[in-house]
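Reviewing the structure listed below.
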Amino acid sequence: MEAIKRNNSRPTDPGLRRARTPSRATVRLLVCMTCVIASPAFFSAPAQAFAGSESGFGGTRFVSASESGGTAPGDGIAGGDASRRRGKRAAAPTIASFSLVANALYDEGRPLKLRYLVKARSRTIHVRAVVRTAAGAFVTTVDLGRHHSGVRQIAALTKDQLGVSAPGDYKLRLSATDRSGRRAARAARVPVWLAFSYSDHRFPLTGSFSWGGADSRFGAGRPGHIHQGQDLAAAEGSPVVAPYGGTISWVRYQADGAGWYVVLDALDGRDYVFMHLQAGSIEVKPGDAVPTGKLLARVGNTGSSNGAHLHFEAWTDGPWQFGGKPIDPRDLLENWYASAPGGAQAASAKATAATASAAASSSPLD
Ligand SMILES: [Zn+2]
């Protein structure tokens with residue numbers, strides 16, 4: 001009897017025991033699954049709609065927001081008639097977030113990046129972006145394709161895709177439809193339009209700077225030669241960026257003159273030269289194709305230089321030092337400066353702030 005009892009409670013074949021008796025973990029899993037299946041949320045929306053949501057179980061948030069008035073933080077649904085919403089709200093897709101990584105787009109520069117999240121009951125959604133000028137004129141509709149709902153997306157759009165060819169201010173709106181053709185509403189804090197600017201050029205310095213006085217101008221006298229560029233006084237380490245897309249043709253060091261310098265063969269037909277750059281700051285090498293706005297180097301005081309500044313030259317009618325000739329770049333720089341993305345006013349405030357300190361220096365920067 002004793003032996004039989006022992007056999008019943010402890011089978012000699014461990015494999016048989018595992019097959020017949022659910023382990024503690026399996027029991028726990030079954031209990032969990034029972035809870036999930038019993039939950040109304042499980043029936044309310046497919047799992048796909050919640051992938052990538054912020055909370056661990058996004059479905060609960062989505063459903064509660066939809067059925068309690070649509071005003072839960074982050075999931076609220078703006079606008080619409082309450083009675084109509086009660087019937088259809090749970091089914092309507094929602095643009096839960098929409099933003100731009102940066103709002104300045106340059107010719108040959110990085111594409112404009114959109115971040116967005118569309119929640120929907122259907123597995124996939126079809127998303128489009130509508131582009132208009134800041135004044136409201138229609139530009140184009142960009143098809144962003146069909147993809148999973150409930151998953152955060154990043155779309156990178158070039159200026160050609162966005163249909164922008166004239167420099168200026170534009171705006172962008174997102175629209176999404178589910179498989180049944182229902183158009184997405186927007187969550188409460190999601191903007192209708194996002195503004196961006198497009199420019200085919202950029203001022204070569206970012207941050208504070210000063211135009212300096214007469215000694216900083218093109219044509220100013222220097223011992224044995226004339227000044228072939230425009231000096232822009234700026235703090236050592238200020239970023240120097242490509243004013244136009246192109247190819248880097250030279251990166252050299254000249255101890256008794258230009259110091260560290262870079263030459264850009266730009267797509268607008270000119271060569272641009274950046275001198276006295278900070279040692280070790282140059283980010284490009286000859287042959288590099290660079291987009292407008294690419295960080296080239298940082299302002300320095302190398303070579304024959306009396307203080308941190310960017311010596312900027314513009315060459316036309318042929319490559320730099322191979323048949324070309326330097327032109328006074330002041331008008332060009334002022335135009336770039338005035339049309340700086342973000343508004344000339346912002347740039348103007350920065351320039352004014354730097355002028356006072358630079359004006360104290362009486363000797364040419366060189
Ligand atoms: Zn100079």
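Summary table below
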| quantity | calculated |
| --- | --- |
| For residue 144, residues with placed amide H under 5 Å, excluding near neighbours | 127, 128, 129 |
| Cβ-derived FRET efficiency at R0 25 Å, residue 331 paired with residue 236, nearest 0.05 | 0.40 |
| For the range 93-184, convex hull volume per residue from C-alpha positions, Å³ | 88 Å³ |
| Residue pairs, from the table 159/294; 113/294; 119/159, whose Cα atoms sit over 24 Å apart | 119/159 |
| Per-residue Cβ neighbour rank within 10 angstrom, fewest leading, 182, 152 | 152, 182 |
| Estimated FRET transfer efficiency when R0 is 41 angstrom, pair residue 135-residue 322 (beta carbons, to 0.05) | 0.35 |
| Alpha carbon centroid spacing (whole Å) that separates the range 243-288 from the range 129-187 | 37 Å |
| Simple label model, 7 Å out from Cα along Cβ direction - residue 152 to residue 101, nm | 1.3 nm |
| Local electrostatic count at residue 195 - Lys and Arg +1, Asp and Glu -1, tallied over other residues with Cβ under 12 Å | +2 |
| Net length gained if the chain between residue 363 and residue 113 were fully extended (0.36 nm per residue, minus Cα distance) | 85.5 nm |
| Residue-wise HN-Hα coupling along the range 273-279, computed from phi with Karplus coefficients 6.51, -1.76, 1.60 (Hz; x: Gly, Pro) | 10, 10, 10, 6, 5, 4, 4 |
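Only the coordinates and a few stated rules stand behind these numbers; no lab work does. Bear in mind that the values here come from a model prediction, so they are computed numbers and not experimental data. Virtual Cβ from ideal backbone geometry, glycine too; neighbours counted across all protein chains shown.
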